[in-house]
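K.L.:
Once you've had a glance at the structure underneath, I'll fire off some questions.
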Amino acid sequence: MDAASTALHQQSISDRDAAHPDSSTRVQGQVHDSAGEAGDPEHSHVNDGSHSAAADHDGLSTAPPIVEGQSTTAAADVEDDPATITPDDKLPAAAQSTTPHNEEDAQETFWQELRQLRAKPLSEVALQPLLAQRYADFSRRYPHVDPSEEEELGEHIYHVRAQYPDRLNDAQREQINQGYMEAEHLAWELVQARAQASGIPIQGQDPEGRSFLLSSFVDGRPQYLVTSNERAAISSGSSWLRRSSSFDAPWSTKVDGSGLVVNVNDHGTIYEHVEFTDDDGSSRIIFTQVNDGGDRSHMTHVAGTIGARGVREDAMGMAPEVLMRSLIQQNVNHVSNFAAAYPNASWRSVMGNTSLGSRDEPYGAYNQSSRDFDNVLRDYPYYLHFYAAGNNGSYHTLSRSENVSKNTMTVG
């Protein structure tokens, strides 16, 4: 583990769980501003209603879709008492073995068992009333589309965009964004419902310590996003590319990311930390999506590599004054909500990062998700997204989907 990560992990639990210092309030299932108005969505927390003291333990829980600047629609329909999946009765047997004879065999067995799982068809799943109504409304407008299936969602996203001209104005971008958000919100809730009804784990950790999070289904087969292996240590080179006298001395004090907002997509809720504050102690994490059951340490590690302030000198990230958004998984609407379509767009990002990959075959496949990500990045040409190659070995084991989109910068 690199110096920045080590320094972050040495902080106390109380530092990790410190409350967000800005004026917004984290509430269940909606965005809320303390003034009672919609407020600036850039300083909002989102919660899907599943956050509890138990969420930080080893059990498996659910993750919310993004809700940006809304207090109704998908957020208002979050069901009470969302189900939590526990590891003992859901994870493959290989994951429950604490001392495997052969670690590689245990890892391969684990993923083989996951790949053999099949979800019930959506037509056989008893949906909660509010979710069932939303799906029925969606189906009336878009018949024969199952958003929980990756390929069908990808085709739908493509057709949402295809209804508009090649060049977009702001009003058209917002209309498309609303279409993306509706489909991806609904898709995530349907994915969870199918998984819970079928005994399929939503998230957890494999024998190598890589966290995984269910993203979709392909013909009923679960598709997972995975983090990089902590023991492999994320190589950032941040010690050579940071604000210091040895890095372009005439400009070193100003090469700090000030004024930029970076999207950081990962598995779990980021830990609030002194390394993510500014001079007056305010948090530089201006938007947080909540998944307390996910891999919070990995998210915090990646964010620290990007933007740790350097309270401890050896923990300084590459852009120690940059602002960050903490986002769960990777959706098309993360770009359409936050990316810059033209220069100097207020509160829009010019770059983002996703350090997630996939162990699903075929490796390196360019699919509907790749195409949709390329299309949305084309609509926001002043935004560049960096993607991990996947950490699966060599060139022929690149992760598929967004990782190999033509308009991303794939690193690994």
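The values are calculated or read from the model by the stated rules, or taken from the named source; none is laboratory data. In this text the structure is predicted, and so the values were computed from the model without any measurement. Positions of Cβ are generated from backbone atoms using ideal geometry, with glycine treated the same way; all protein chains shown enter the neighbour counts.
K.L.:
I need the full set of residues from the stretch 163-178 which are touching a helix residue (DSSP H, G or I) at 6+ places or on another chain (Cβ under 9 Å) and either touching a residue at least 60 places away in the same chain (Cβ under 8 Å) or of a type in the set (A, V, I, L, M, F, W, C) (or both), in order please.
P.N.:
Across the stretch 163-178, the qualifying residues are L168, R173, I176, N177.
K.L.:
Of the residues R194, R161, R134, only one is within 30 Å of S297 (Cβ to Cβ), crowded, with 17+ Cβ neighbours inside 10 Å and basic (K, R); which?
P.N.:
Exactly one of R194, R161, R134 is within 30 Å of S297 (Cβ to Cβ), crowded, with 17+ Cβ neighbours inside 10 Å and basic (K, R), namely R194.
K.L.:
Just give me the residues in the stretch 292-304 being closer than 13 Å to T354 by Cβ and among the β-branched types (V, I, T), in sequence order.
P.N.:
V302
K.L.:
Restricting to the stretch 282-297, and then to whatever is closer than 12 Å to Q329 by Cα and either crowded, with 24+ Cβ neighbours inside 10 Å or in contact with a Leu (Cβ under 6 Å, 6 or more places away or on another chain) (or both), can you tell me which residue is modelled with the highest pLDDT?
P.N.:
Among those that are closer than 12 Å to Q329 by Cα and either crowded, with 24+ Cβ neighbours inside 10 Å or in contact with a Leu (Cβ under 6 Å, 6 or more places away or on another chain) (or both), it is Q289.
K.L.:
Suppose the filter is touching a residue at least 12 places away in the same chain (Cβ under 8 Å), surrounded by 13 or more Cβ atoms within 10 Å (Cβ to Cβ) and closer than 19 Å to R378 by Cβ; does Y142 pass it?
P.N.:
No, not satisfied.
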